[in-house]
1. Go through the stretch 221-328 and tell me which helices (runs of 4 or more DSSP H), entirely inside it, have 1 or more residues that are within 22 Å of residue 497 (Cβ to Cβ) and modelled with pLDDT under 85.
2. Consider the stretch 289-317. How many of its residues are in contact with an Asp or Glu (Cβ under 9 Å, 6 or more places away or on another chain), without any contact (Cβ under 8 Å) to a residue 40 or more places away in the chain and small (Gly, Ala, Ser)?
3. Looking only at the stretch 416-436, which residues are at pLDDT 90 or above and either outside any helix (DSSP H, G or I) or small (Gly, Ala, Ser) (or both)?
4. Please specify each residue of the stretch 389-420 satisfying the condition of being among the hydrophobic types (A, V, I, L, M, F, W, C) and either under 30 Å from residue 528 (Cβ atoms) or touching a residue at least 60 places away in the same chain (Cβ under 8 Å) (or both).
5. Inside the stretch 437-463, can you point out the residues that are within 51 Å of the chain's Cα centre (by Cα), closer than 17 Å to residue 395 by Cα and either small (Gly, Ala, Ser) or assigned to a helix (DSSP H, G or I) (or both)?
6. Read through the list (1) surrounded by 17 or more Cβ atoms within 10 Å (Cβ to Cβ); (2) modelled with pLDDT of 85 or more; (3) within 60 Å of the chain's Cα centre (by Cα), then give the number of the only condition that residue 33 fails.
7. What are the pairs, 6+ residues apart or on separate chains, where a residue within the stretch 235-256 that is surrounded by fewer than 18 Cβ atoms within 10 Å (Cβ to Cβ) has its Cβ under 6 Å from a residue that is of a type in the set (A, V, I, L, M, F, W, C)?
8. Out of the residues in the stretch 154-174 meeting the condition of being over 59 Å from the mean Cα position of the chain (by Cα) and hydrophobic (A, V, I, L, M, F, W, C), tell me which one is nearest to residue 34 (Cα to Cα).
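The values are calculated or read from the model by the stated rules, or taken from the named source; none is laboratory data. The structure presented is a predicted model; accordingly, all values stated were derived computationally and were not measured. For neighbour counting, all protein chains shown are included, and Cβ atoms are generated from backbone atoms with ideal geometry for every residue, glycine included.
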Amino acid sequence: MKLSFQVKLFVSLAVFFMGLFVLLGVYYYVDMSRQLYQEMSVRARIQAQEIALIPSLKTAVAHHDITQINQFMTQVAKRSDASFIVIGDEHALHLFHSVFNDRVGKKLVGGDNQSVLKGKTITTIRKGGLGISLRSKSPIFDNQGKVIGIVSVGYLKSYLDNITSRKVVNITLSAAFILMSLFVFSWFFTRSIKKQIFSLEPREIGLLVRQQKALMESIYEGVIAIDAQSRVAVINQAAKHLLGLNQSSREVRGKPLSELIEPVHFFRPDIMLQQDTHDEICCFNHLTVIASRVRIMLEGKLQGWVITFRDRNDIDAMAAQLSQVKRYLDNLRIMRHEQLNHMATLAGLLHMGRYQEATAYIQSQSEHDQECLDFISDRFQSPTLCGLLLGKTARAREKGVSLRFDPACEMREPFHGLTESGLLSVIGNLLDNAIEATQRASGAHLPVEVLIRLSSRELIIEVADHGVGLDPAIREHIFERGVTTKQHGDHGLGLYLIASYITQAGGSIEVADNIPSGTVFSLFIPCVPALAPTEEETVYATGTH
């Protein structure tokens, strides 16, 4: 049966603690026994030396007064904790034994008496009449310094072992209590760890980590995860490629985000703490990107953010292709409707035999279309911009609105303050908004007036309509994402995109009322010198507010 991580960890901790306590128990038993023997050796030596110095005992030993020795030493033995006390004469014969009275007159055993009779105090562990014991022997000197006897004070090994055992038992009980407490702690500790890792097994966590790594590297967008202190926690290869970083992920991890990306408004701490954001146009290390930022919350506390971003040029390219296809379809549909209307009118005139009027009608339509085409193609150098303006003109005419181009319109040179896709997006969104606002106005639809003029200092784009105007309640917020005056459709992006492009180009936007009704949008974008010739970009004009 396969054990779970919690059981494995608990068993491992239990075995470790038990092994640790066994080792500590053996060590403390040996150390305690050693210390006890040292302590009792000192105690036995001190007692033997002090007894050997008692004057009355010296006199009794010198005269071999067994009775006096017995009376005196019996009282001393009662006050001592020694296992035995023995008094011998200068010939190593018993004069007193605290345990066995019948030993008097017999030879002292142990084989360590000769050193004592020479005047030395010794401490040994020997086997005597009572068994193995720790004993200290001290000589008894007379007044002339001659050895006249021996004092032996000893502690049986069994007595010392009992003392050690009692201490070990007490320590063992304490250790068992501590061990049980550790077992309980280990069990709840393992449960806590299991909960923190969402009840996953280590192998499952390892698999998830590998899956996450593979997932991160398979994402085409740049992904960066940062902690609450804005230090990089995770970064994928796409992010490093877009930011132009050559370091490995290990080297980047832990660095402040400001060291990888030049400080921008998107990463201001107060902005990041306020709210998450999606698809915001930013500039990361001179690369224009569309970025999103989402907070990471755990148990109600901020842990960091996940930032995803992608190169806006890639999105522009795809959007431009879609916009171009859509514009072709719109233009074809518009042309089909117009041609059907023209054919119906011509058919009616011919059916009535009004041939002269039919000829005049054909000439007037051709002249109007050709005049518009000649004006736009003559005043604007960019073919894509010409195509956009012609398409918007036809679209407006289909909706019953006309576009009136100011005679001052002129843009005969490339403009480098904006990418061509950005410029087309700005103009396209302004015209769409003006056409839609004019449609919503009651009464006759007045023309939408358009001025696009490039001077040596700036590009001026002005679109004025006579539509419904702006609601004062949202006038201050019209350039925010999702704010719209329309009631149907997917709106709230047009003016937001316009503001994003103009802000990045260092330009400004003015919004004014158009008397007697409508709105005037005026855009001023400063010119910048061209760094190098650029290829023509695909048309990109999408979205409405």
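1. Numbers: elements: 237-243, 249-252, 269-274.
The helices (runs of 4 or more DSSP H) meeting that bar are 269-274.
2. Number of matching residues: 2.
3. 434, the sole residue that qualifies.
4. Within the stretch 389-420, the subset among the hydrophobic types (A, V, I, L, M, F, W, C) is 389-390, 394, 396, 401, 403, 405, 408-409, 411, 415, 418.
Residues satisfying the conditions are 389, 390, 394, 403, 405, 408, 409, 411, 415, 418.
5. Within the stretch 437-463, just 437 meets the criteria.
6. The failed condition is (2).
7. Taking only residues 6 or more apart or on different chains, the pairs are 249/235; 253/232; 255/232.
8. Once the filter is applied, the top-ranked residue is 160.
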